[in-house]
Amino acid sequence: MNSDWFSTPLTSADKQVASLIEKERARQFQTLPMIASENYASRAVLEAQGSILTNKYAEGPLGKREYSGCGVVDRIELLAKERAKKLFGAEYANVEPYSGTQANQIVYFAALKPRDKILGMHQEDYGHLTHGNPESFSGAFYSSLPYRLSPKTEQIDFDAIARLARRRKPRMIIAGYSCYPRKVDFAKFREIADSVGAYLLCDIAHLCGLIAAGQHENPVPFADFATTTTHKMLRGPRGGLILSKAKFENAIERAVCPGVQGGALMHAVAAKAVAFREAASAQFKSHVRRVLHNAAVLAEELQRLGFKLFAGGTDTHMVVFKLKGSGVDFAAAQNLLEKAGITVNGMPLPFEPKGPGAVRIGSPALTTRGMGPREMRQVAGMIARVLNSAGKPAVLRRVKREVGELAGLFCLQ
Ligand code: DSN
C-alpha cells in the first residue's frame, strides 16, 4: 500500500475540498450564525469524529456485534451510553442513531405497527417532519393526527390535545418542536398519554441542552421515549440519541439494526461520548445560563425595536419574531440578513400562511463564541436595520462591515 496515499494531508491530497472547507470555516467565524439549531463543536469533538474509528464496522448491538475486532469500539460505545444515561437520568440510552430523524424512525419502528395513530404537532405550526408530516415516512407509514397551537396564545393548547386524544385514541403522543420558544409542560403530556393508554415520545432536540444543564424540566424519567440530536445545544457531532425505559432496550436495539440502520458510525459515537462529558461539566451549566440570558435580551431588544414575538416571548434559547409591518416577508428577511452576514430561518406563521411570516433566531452559537447581553443588543439593532432598510445596498454593506468587526472580536481562535 502506498504510504503517501495514507498520510498525505487533505490540503495536498485534495486542494478543492480543502479550500472549500477553509471557506466554510471562514464563513462560520466571519458571520453571525443565529440559526437556533446550529452551534460550534469543540476541537475535542471534531478530533474524535475525524478519527480512524471511521474504519471500523460495528454492526449489531453492543456486546453482540456481527463483526470481530470490536473490543475497543465497544468500550467507546459503552462510555457514550453510560454518559448519556447519567446526563439525562435515563434507564437506557442508544447512541447509534445517525440523526434525529432516524432516532424518531427507530422509536416508531420499535413501538408501533404501520398505520398506528400518532399525535404530533401540525406541520403548519412547526411540527417536525418526523412527527407525522404527510411528506415524510412518519405521515406515510403511520396515521397522523396533528394537533394545533392555540390561535389566540400561539402556545400549546392542552385541552384541545386532551380532547383529540380522547376522541381518536392515538398509540403514541409526540411532544417537542423545532420552532417553539416556550417551555414545554411534558408532565401534562404524560397525563394525557396515560389517560388514553398511549406511549409518550418527547423529542427534546431543541431543549436537550437546557435539560442537561438543569434549566428545563427533564421528561426522560417519565417519558417512554425521548429522542434528540447531538449537534444543537449539546455541541456534539451531527447525530441522534434515544433515551428510554429499560424495558424497551431489546425492541430499540432490533429497530436500530436490522430495523433501520446498518453499522454504527463509531467515530460519531466517540464524538458523542466527548460531547456528553462536556455537557456534564459546570462550565456547560453556566454556558447554558448565558444562552438563556442572551435569548431573553434579544427578545426584549427586538420588542423595543417594534417587533412582536411569536407565542408571546421566549423561555428558551430561541426567539421567533414577526415581520408584520416591516415591509419584508420571511423569505426576503432571511435573504437580506444573509447578505448582511447574519444567518437565520425565515418561516411562515401558523394560521397566516399568506402573511409576511416570522424569523427564528437562537442565541446558542453566539453565546459559544463568547458574546453577552451587550452584543445581543447590538445584533438585534443590526437585524432591525437590515429589515427596515428596504434592501438598500448601502445599509446592507454597512451592517455587513459591523457584523465582520463584531465577529472578529469573538472568533474562538
Ligand atoms: N432542522 C432542525 C432545526 O433547524 O430545528 C429540526 O430538525
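The values are calculated or read from the model by the stated rules, or taken from the named source; none is laboratory data. All figures in this text were calculated on a predicted structure; none of them were measured in a lab. Note that each Cβ is placed from the backbone with ideal geometry, even for glycine, and that neighbours are counted across all protein chains shown. Areas reflect the complete protein model, heavy atoms only, side chains present, ligands, DNA and RNA absent. Shrake-Rupley method; radii C 1.70, N 1.55, O 1.52, S 1.80 Å.
Computed values, structure above
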quantity	calculated
Residue within region 236-245 that is closer than 24 Å to residue 347 by Cβ and crowded, with 22+ Cβ neighbours inside 10 Å present	yes
Those residues of region 199-219 which are part of a strand (DSSP E or B) and within 16 Å of the ligand (Cβ to nearest atom), in sequence order	201, 202, 203
Lone unmet requirement of (1) in contact with a Leu (Cβ under 8 Å, 6 or more places away or on another chain); (2) of a type outside the set (D, E, K, R); (3) under 27 Å from residue 61 (Cβ atoms) for residue 193	(3)
Pick from region 351-371, criterion open to solvent by 10 Å² or more (accessible area, probe 1.4 Å) and touching a Lys or Arg at 6+ places or on another chain (Cβ under 8 Å), ranking: modelled with the lowest pLDDT	355
Matching entry among 275, 223, 187 (being part of a helix (DSSP H, G or I), buried (at least 24 other Cβ atoms within 10 Å of the Cβ) and more than 15 Å from the ligand (Cβ to nearest atom))	275
Single unsatisfied condition, residue 73 versus (1) more than 30 Å from residue 370 (Cα to Cα); (2) part of a helix (DSSP H, G or I); (3) more than 16 Å from the ligand (Cβ to nearest atom); (4) open to solvent by 20 Å² or more (accessible area, probe 1.4 Å)	(4)
Sole exception among (1) open to solvent by 30 Å² or more (accessible area, probe 1.4 Å); (2) aromatic (Phe, Trp, Tyr); (3) part of a loop (DSSP other than H, G, I, E, B) for residue 40, by number	(1)
Condition broken by residue 150, with the remaining ones in (1) without any contact (Cβ under 8 Å) to a residue 60 or more places away in the chain; (2) surrounded by fewer than 22 Cβ atoms within 10 Å (Cβ to Cβ); (3) within 26 Å of residue 254 (Cα to Cα); (4) of a type in the set (Gly, Ala, Ser) satisfied	(3)
Tally of residues being open to solvent by 30 Å² or more (accessible area, probe 1.4 Å) and not in a helix (DSSP H, G or I) across region 263-272	1
Filtered residues of region 79-137 (kept if open to solvent by 10 Å² or more (accessible area, probe 1.4 Å), within 23 Å of residue 217 (Cα to Cα) and assigned to a loop (DSSP other than H, G, I, E, B))	89, 90, 91, 126, 127, 128
Answer from 18, 44 - the residue that is without any contact (Cβ under 8 Å) to a residue 40 or more places away in the chain, within 30 Å of residue 341 (Cβ to Cβ) and more than 16 Å from the ligand (Cβ to nearest atom)	18
